[in-house]
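Read through the structure below, which is laid out as C-alpha cells, and then see the notes.
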Amino acid sequence: MTITVTGMRSNKPGNMDIEQLRGWATFMDRAMVVSLIATIVAVAALGITTWLSFRFSGAVRAHEHAAVHRYKAEMGKHAADLEQEVARARERTLQLEQAASAADARAAQSARESAAAAEKARSAEVDAEEVRKRVAELGKAVREATARAPDPAPAPDPAPAAAETPSPPKEEAAPESVTASREAPPSPIVASLRKYAGTKAAVYVLDEAPDAPAVGAVISGYLSEAGWAPLTWTWTGVGGIVGVVVLIRDGSDPATDEAASAVLDALRSAGFNAAKGNWPADWRRFRGALSGPQNPGPTEAPIRIVVGARAR
C-alpha cells in the first residue's frame, strides 16, 4: 500500500518553496526599510547634533570674543587712566621740586643779602657814629672858641707895688669868662630847630651816594643837638636821588608840616641842597631795603629826610 503525504515541508533550503521565498523577501525588505530608516534617523540626528554643535561653538566663540574685546577695551582705558595719573603725578612732583629749589635759592639769596646788609649796616653805623662824634666835638670846640673872650694884654705899670698887687677886676673877670664859655650860644641851625624839640624824624642815607653817610651824620647831629629824636637808616637798592629831600606823612598835623618847613629852611641856610617833596606811594611802602634800628621802625616817624648824592 502506498501512502502519499502532502503538505509536509522540509527544513533544508533547497526544499523551500516560493511562498517561503516570498516571506523571506518581504521580511528582508522590511528589515532593509527599517535599517534604512534607522540609518536616515541616525544620519539626521548626527547632522542635527553636528549643526547644533557648530552653532553652540560659534556662539561660545562669539561670546568669548566679545568678552575678550570688552576686557581689552576696559584694560586699555584703565591703562590710559593710569598713565595719565602717572603723568600728572610726575608733573606735580616736578613742580614741587622746582618750587623747593626756588625756595632754597630764595632762602640762600635772602641769607646772603641779610648778611651783607647787616655787615653794611654795622659799617655804616660805626662810620656814622664816628662822624657824629667828630662833628659834635668840632661844633663844641667852635662854640667854645667863639664864646671865649680874648684875654686882655697886660698894661705896663710904672709902680712896682701896684704890679705886685693882683688886680681885683681880673679876679672877677675869670668867672665871667668861664660862665660865658659854658653858656655858649648854639649855631643858627640848631637855634632855629629847638622850637620843635621832641619831633621824630627818620634820616634815610642812600647807600650808593659816597658822601651821603657823612652828610646824614651831620644832619642827625644838628637835630639831636636841637632836641629832636632822629634815627638813621641806610637805604639800599635805590638811586637817582640828588640832594636832601624833606618829606612829611600825608595827613600830618600843621605842627609837623611847620617843623618840616623849619628843617628845610635850616638846611638851606646851612648850605645844603635841600628841597621838599611828596612820598610817591604809601608811607609804609618803599623800594629796596633799609638797614638800621628795628624799634621804632623806619616808617613810624612823620618826617622823613632822604640824603642823596651831592647833598651840599
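What is the distance, in nm, between label points placed 7 Å from the Cα along the Cα-to-Cβ direction at SER101 and at ASP253?
Each label point is offset 7 Å from its Cα along the Cβ direction, giving 5.7 nm.
Starting from the 7 Å offset along Cα-to-Cβ, what nm value, one decimal, do you get for the label separation of ALA116 and ALA197?
4.4 nm
Starting from the Cα coordinates of the stretch 214-278, work out the convex hull volume and express it per residue in Å³. Please list the in-between numbers first.
Details: hull volume 6.9 nm³, N = 65.
Residue-normalised Cα hull volume stands at 106 Å³.
Dimensions of the stretch 180-312 along principal axes (Cα, Å, largest first)?
The principal-axis extents, from largest down, are 49, 33, 26 Å.
Applying a 10 Å radius around every beta-carbon, put 31-43, 245-257 in order of their mean neighbour count, most first. Walk me through the intermediate numbers first.
On the way: 31-43: 10.1, 245-257: 14.8.
So the order, starting with the most tightly packed, is 245-257, 31-43.
Let me spell out the model: positive unit charges on the Cβ of Lys and Arg, negative unit charges on the Cβ of Asp and Glu, origin at the Cα centre of the stretch 191-304. What dipole size does that give, in debye rounded to 20?
Numbers: 10 positive and 11 negative charges, 18 e Å.
Magnitude of the dipole: close to 80 debye.
For VAL60 and VAL41 in the same chain, what is the full-extension length gain: residue separation times 0.36 nm, less their Cα-Cα distance, in nm?
Taking VAL60 through VAL41 to full extension adds about 4.1 nm, to one decimal.
Read-outs throughout are calculated quantities, based only on the coordinates presented, and are distinct from any laboratory measurement. Predicted model only: the values in this text are computed from it and were never measured. Quick reminder, even Gly has a Cβ in these numbers, built from the backbone with ideal geometry, and neighbours come from all protein chains shown.
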